[in-house]
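The values are calculated or read from the model by the stated rules, or taken from the named source; none is laboratory data. The structure presented is a predicted model; accordingly, all values stated were derived computationally and were not measured. Cβ: placed from backbone, ideal geometry, glycine included. Neighbour counts: every protein chain shown. Side chains are part of the model used for accessible areas, which takes the heavy atoms of the whole protein and leaves out ligands, DNA and RNA. Shrake-Rupley method; radii C 1.70, N 1.55, O 1.52, S 1.80 Å.
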Amino acid sequence: MKTNVVRTAAMLAGFIIALAIVWLAPMHAQGNAPKFEVDPAWPKPLPNLWITGGVGGVCIDSRDHVFILNRRDLTDNDLDAGRQAPVVIEFDPEGNVVNSFGDPDMTPNTPHGCTVDRDNNVWVTGTADGIVQEYTHDGSKLLLQIGKHGAVDSSDGTGKGKPFNSSHAGFYKPSGIAIDPKNGDVYVADGESPGGNHRVAVFDRSGQFLRQWELHRTEAETGDAFTPVLHCVAMDNDGLIYVCDRQAHRIQVFDKMGKFQKDIPVAFEQMSKLPVGPEHVPDALGSAVSVSFSRDPGQKFMYVVNQDNEKIDILDRASGQILSSFGRVGRQPGEFTYAHFVAVDSKGNIYVSEVGTGKRIQKFKKVGGG
């Protein structure tokens, strides 16, 4: 009888496990992250023997046209065989260049971040400057400039001065930009590197200062690991503001008034255990340097450029859980060298810009999942 009881219990346990698998499998499938593969044929070869330097920013308009910001940081040897590409280059969905614009003497120095607003106007920032600019879609007209070209928010107006972190009319290394689609308010991540400004500065549609706030820190969060560096800013459909807390390896979320909501950790995993030295500081770049969202109404997925690990992490936006990732360090198609900014088109395809020695833009087609 004892044997029969044991057998019955075992059968019942097996039945429960099987039932759980039947019910849980669809739930797990519903949560599957999207899958991507690189499109090595995008973009098409650039015209006129153009060469891009580091591609600071990437942003997408309502027609899925892709805009990139070219830093033009090329050597004379590079230019022996080609020509400097323009500052702003526009591609159609097939990867053809359809427009370009930007006088390098007028656009922000070291172009960094960009966005396209509800009116299809193009906004750009530059981290060696104190300005943010808005252009018509075709770049033929400068519509708005906040700040003065060549002057930054510091004690002497240069990058060598003490940052004030307070200007109502300019910036110090503005890195990222987001536009509220409801009222046109401009949110600027003003603080691309340590030692500069470290705030989110908010302006209205006409460029008038509204408010600012800094990254959230607890009393225990001190030292170099928590030096405030704001590399990106993005707004979701709920009106929440996501800021790349670069040194602390996380995204911080705020409401529009700057009230802290939560942290979303983005971990760095060191692959080669090399000693720290003058030319090697592990996790120095930051594991969270750009964020964009899937285009479904609920924005289920969040894509984060993990620059330290040279990959794109795919997170569940609501929970902040990392679901999967793609990419790896390298210089072949689908690999990254200084991955920098990420943007998503209406079909769910992803575009990633690279700076440093990467100097390119790559497209990743959505091929399943999600």
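Data for the structure
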{"read-out": "Top-ranked residue of the stretch 43-65 - restricted to ones that are in contact with an Asp or Glu (Cβ under 7 Å, 6 or more places away or on another chain) and of a type in the set (A, V, I, L, M), ranked as nearest to residue 289 (Cα to Cα)", "value": "55"}
{"read-out": "Residue satisfying condition, being open to solvent by 30 Å² or more (accessible area, probe 1.4 Å), among the small types (Gly, Ala, Ser) and touching a residue at least 12 places away in the same chain (Cβ under 8 Å), within set 327, 320, 334", "value": "327"}
{"read-out": "Per-region count, the stretch 28-87, residues closer than 16 Å to residue 342 by Cα and open to solvent by less than 50 Å² (accessible area, probe 1.4 Å)", "value": "21"}
{"read-out": "Residue within the stretch 251-259 that is without any contact (Cβ under 8 Å) to a residue 40 or more places away in the chain and open to solvent by less than 40 Å² (accessible area, probe 1.4 Å) present", "value": "yes"}
{"read-out": "In the stretch 348-370, the residues that are over 14 Å from residue 37 (Cβ atoms) and either part of a loop (DSSP other than H, G, I, E, B) or of a type in the set (Val, Ile, Thr) (or both)", "value": "355, 356, 357, 358, 359, 361"}
{"read-out": "The stretch 260-304: number of residues that are open to solvent by 50 Å² or more (accessible area, probe 1.4 Å), closer than 21 Å to residue 319 by Cβ and not aromatic (Phe, Trp, Tyr)", "value": "10"}
{"read-out": "Selected residue (criterion: surrounded by the most Cβ atoms within 10 Å (Cβ to Cβ)) from residues of the stretch 192-226 that are closer than 26 Å to residue 158 by Cβ and modelled with pLDDT under 95", "value": "192"}
{"read-out": "Selected residue [in a loop (DSSP other than H, G, I, E, B), hydrophobic (A, V, I, L, M, F, W, C) and at negative phi] from 74, 69, 79", "value": "74"}
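Here is a yes/no grid of residues against (1) surrounded by fewer than 17 Cβ atoms within 10 Å (Cβ to Cβ); (2) aromatic (Phe, Trp, Tyr); (3) in a strand (DSSP E or B):
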| residue | (1), (2), (3) |
| --- | --- |
| 89 | no, no, yes |
| 99 | yes, no, yes |
| 108 | no, no, no |
| 118 | yes, no, no |
| 130 | no, no, no |
| 133 | no, no, yes |
| 138 | yes, no, no |
| 148 | yes, no, no |
